[in-house]
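Please read the structure below before turning to the comments.
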Amino acid sequence: MNKLKIIISVAFVMFTFSLKAQTKFSMEDVVNRALTQSPAFKQAETRKENRFWQYRYFKTNYNPQLRMSSNNAGSLYNNSFTPVRQPDGSIEYRPLNQLNPGVNVGLQQPIQWTGGMIFINSSYNYFNNITNDTRQWNGSPFNVFFNQPLFAFNPYKWDRKIEPIRYEESKREYAENMEQISSDAVEAFFNVLQAQVNAQIAKFNLANNDTIYKIEQGRYNIGTTSQDKLLQVELQLLRSRQDVAQADLDLQTASLRLRTFIGLRSGERFDLSLPDAIPQFEVTEEEALQFAKQNRAAFIAFERRKMEAEQAVAEAKGERYQVGLTASYGTNNVGSSVGDLYQNPARQQMANVTFNVPLIDWGRRKALMRTALANKRLNDYIIDQDEVTFEQEILTQVRQFEMLRLQIEITKKADEVAQERYVVAQNRYLIGKIDITNLNIALNEKDTAKRSYLEALKSFWTAYYDLRRLTLYDFYGKRLLYLADQD
């Protein structure tokens, strides 16, 4: 009984292994695996996460920052000899043993509307002359400091306009990357499928040519065919063997590339099957353009690029003059303890205006401004051309898509006709109605028709996912591939 259980268990494991070893993938299986396990997917996910944290970092620039820093007047601790000049002008070195720690706690807040900065802080310093046991506290319990550049470039204003658009671009680019991965997966899928069919064709032709060679050899022995035809068939047989070897190599190469792309373990064997049906739906140029402008990252990038050019002009304009206003108000005191700092503290006020205005710069500022304006005009011209190219790419894809659908129908019918013609030609050759040359023509036409049909399928499905990528809309499923509120 135990032996029977062992035999059943071994048989079950072998059966399971055989199923895994003969995994059959459809095109949808390959695409889904690429969208969840491929290295390209993991890279896209990492880029998406990276851009998310960059945007979070940008948003923190507008939030208040609470900081604590050291505020030591000189060294924290100093035990040394210091030179002291005497009344007669001589130098006397005296021992110095001092402790002088300090701390500063402050809150800083940028002013996004003006580009200034406001600081609210408290600072404390402790001085202890260990040599003569002198101790004292000094500090500012409360201080407000304000810094405001005048007539200057305001980076906060422009970042607040541009960075949200850049982040929105990254989210749309992620959706486009997913469709690009699908398109690449389809291409890799059909490359393997074409290699499989080529291998099948090569092996079929090898077996067929071997049979034909034996037939011609028999006819040559009885004198019903010439040596020239026999040598022609033998040469064709040798070429078929070479084609089988090359087809097997091509299949291994294409399979390895597909494994690498979809993240499949090298030990897993698989077979591919043709797509069951071609999706039927209509695509109009107007709809494609509408969805592309609504969803594509490139379209909102036009707006972002225009803003960046305007930002460069504003920055050049702000560099013409450098004027700044600083002011502070607070309290200050000294005492033997920290509590003494809060007893009737003295006011501490400061105001200052700094400026740096060029009087003669030989046209340097003017040249900087004119360069920024010229770059802005050039950028506008480039964006206008890119918008035209953007629309042309969509329109061309839609027109080609309908042609590819028709091409599938034609090549599929041609494959059926060529296959039937070859069967007829083969039968006529066997009864001696046609020669080997006409049979080879029918064979080549059969192989060409099969390859053309596969190429048409590959072109259609690649174009299908390219259309999804260019519009971020699934015309077959009637759904958006990108939602604005999607994180």
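Please specify each residue of the range 236-267 satisfying the condition of being over 30 Å from residue 215 (Cα atoms), in contact with a helix residue (DSSP H, G or I) (Cβ under 7 Å, 6 or more places away or on another chain) and touching a residue at least 60 places away in the same chain (Cβ under 8 Å).
Within the range 236-267, 254, 255, 257, 258, 261, 262, 263 qualify.
Evaluate the following for residue 218: is it assigned by TED's automatic domain parsing to the domain that holds residue 433 and in a loop (DSSP other than H, G, I, E, B)?
no
Can we say residue 199 is over 24 Å from residue 241 (Cα atoms), buried (at least 19 other Cβ atoms within 10 Å of the Cβ) and of a type outside the set (D, E, K, R)?
Judged against the criteria, residue 199 is not a match.
Please pick out the residue among 112, 98, 108 that is under 60 Å from the mean Cα position of the chain (by Cα), surrounded by 13 or more Cβ atoms within 10 Å (Cβ to Cβ) and over 28 Å from residue 66 (Cβ atoms).
Exactly one of 112, 98, 108 is under 60 Å from the mean Cα position of the chain (by Cα), surrounded by 13 or more Cβ atoms within 10 Å (Cβ to Cβ) and over 28 Å from residue 66 (Cβ atoms), namely 98.
Inside the range 358-381, can you point out the residues that are surrounded by 12 or more Cβ atoms within 10 Å (Cβ to Cβ) and within 30 Å of residue 471 (Cβ to Cβ)?
379, 380
Give the residue, chosen from 346, 374, 425, that is touching a residue at least 12 places away in the same chain (Cβ under 8 Å), in the same structural domain as residue 215 (by TED's automatic domain parsing) and among the small types (Gly, Ala, Ser).
Residue meeting the stated conditions: 425.
Given the criteria hydroxyl-bearing (Ser, Thr, Tyr), in contact (Cβ under 8 Å) with a residue 60 or more places away in the chain and assigned by TED's automatic domain parsing to the domain that holds residue 405, does residue 465 qualify?
So residue 465 fits the description; yes.
Take the range 150-171 and flag every residue that is small (Gly, Ala, Ser) and closer than 26 Å to residue 480 by Cβ.
The one that is small (Gly, Ala, Ser) and closer than 26 Å to residue 480 by Cβ: 170.
If residue 396 meets every condition in (1) farther than 30 Å from residue 465 by Cβ; (2) in a helix (DSSP H, G or I); (3) without any contact (Cβ under 8 Å) to a residue 24 or more places away in the chain apart from one, which number is that one?
Single failed check for residue 396: (1).
Return only the number of the condition from (1) in contact (Cβ under 8 Å) with a residue 60 or more places away in the chain; (2) under 30 Å from residue 432 (Cβ atoms) that residue 221 does not satisfy.
(1)
Looking at residue 264 and the list (1) under 32 Å from the mean Cα position of the chain (by Cα); (2) surrounded by fewer than 17 Cβ atoms within 10 Å (Cβ to Cβ), which single condition is not satisfied?
(2)
Given (1) part of a helix (DSSP H, G or I); (2) in contact with a Phe, Trp or Tyr (Cβ under 8 Å, 6 or more places away or on another chain); (3) without any contact (Cβ under 8 Å) to a residue 60 or more places away in the chain; (4) surrounded by fewer than 16 Cβ atoms within 10 Å (Cβ to Cβ), where does residue 414 come up short, assuming only one miss?
Status for residue 414: all satisfied but (4).
Does residue 24 meet the test of being part of a strand (DSSP E or B) and touching a residue at least 60 places away in the same chain (Cβ under 8 Å)?
The answer is yes for residue 24.
Quick check on this structure: which one of 67, 94 is among the basic types (Lys, Arg) and under 27 Å from residue 154 (Cα atoms)?
67
Is it the case that some residue within the range 426-442 is of a type in the set (A, V, I, L, M), out of contact with any strand residue (DSSP E or B) (no Cβ under 6 Å at 6 or more places or on another chain) and either loosely packed, with under 12 Cβ neighbours inside 10 Å or modelled with pLDDT of 90 or more (or both)?
Yes, the conditions are met somewhere in the range 426-442.
Kindly establish whether residue 273 is surrounded by 14 or more Cβ atoms within 10 Å (Cβ to Cβ), touching a Leu at 6+ places or on another chain (Cβ under 9 Å) and among the hydroxyl-bearing types (Ser, Thr, Tyr).
Here the answer is no, as residue 273 does not meet what is asked.
Among the residues that make up the range 422-442, is at least one of them among the polar types (S, T, N, Q) and more than 30 Å from residue 210 (Cβ to Cβ)?
No, that holds for no residue.
Report yes if some residue within the range 124-138 is within 18 Å of residue 64 (Cα to Cα) and not aliphatic (A, V, I, L, M); otherwise report no.
no
For the range 317-374, how many residues meet the condition of being closer than 30 Å to residue 101 by Cβ and of a type outside the set (Phe, Trp, Tyr)?
24
Which one of these is of a type outside the set (S, T, N, Q), surrounded by 15 or more Cβ atoms within 10 Å (Cβ to Cβ) and in contact with a Leu (Cβ under 8 Å, 6 or more places away or on another chain): 254, 175?
Result: 175 is the single residue among 254, 175 that is of a type outside the set (S, T, N, Q), surrounded by 15 or more Cβ atoms within 10 Å (Cβ to Cβ) and in contact with a Leu (Cβ under 8 Å, 6 or more places away or on another chain).
I'd like the residue in the range 443-487 that is hydrophobic (A, V, I, L, M, F, W, C) and in a loop (DSSP other than H, G, I, E, B) and, out of all such residues, is nearest to residue 212 (Cα to Cα).
475
Out of the residues in the range 284-333 that are part of a loop (DSSP other than H, G, I, E, B) and surrounded by fewer than 18 Cβ atoms within 10 Å (Cβ to Cβ), state the one that is nearest to the chain's Cα centre (by Cα).
Out of the qualifying residues, it is 284.
Output the residues belonging to the range 134-185 that are of a type in the set (Ser, Thr, Tyr) and in contact with a Lys or Arg (Cβ under 8 Å, 6 or more places away or on another chain).
167, 170, 174, 182, 183
The values are calculated or read from the model by the stated rules, or taken from the named source; none is laboratory data. The model shown is predicted, which means the values in this text are computed figures rather than measured ones. Methodologically, a virtual Cβ is constructed for each residue, glycine included, from the backbone with ideal geometry; neighbour enumeration extends over all protein chains shown.
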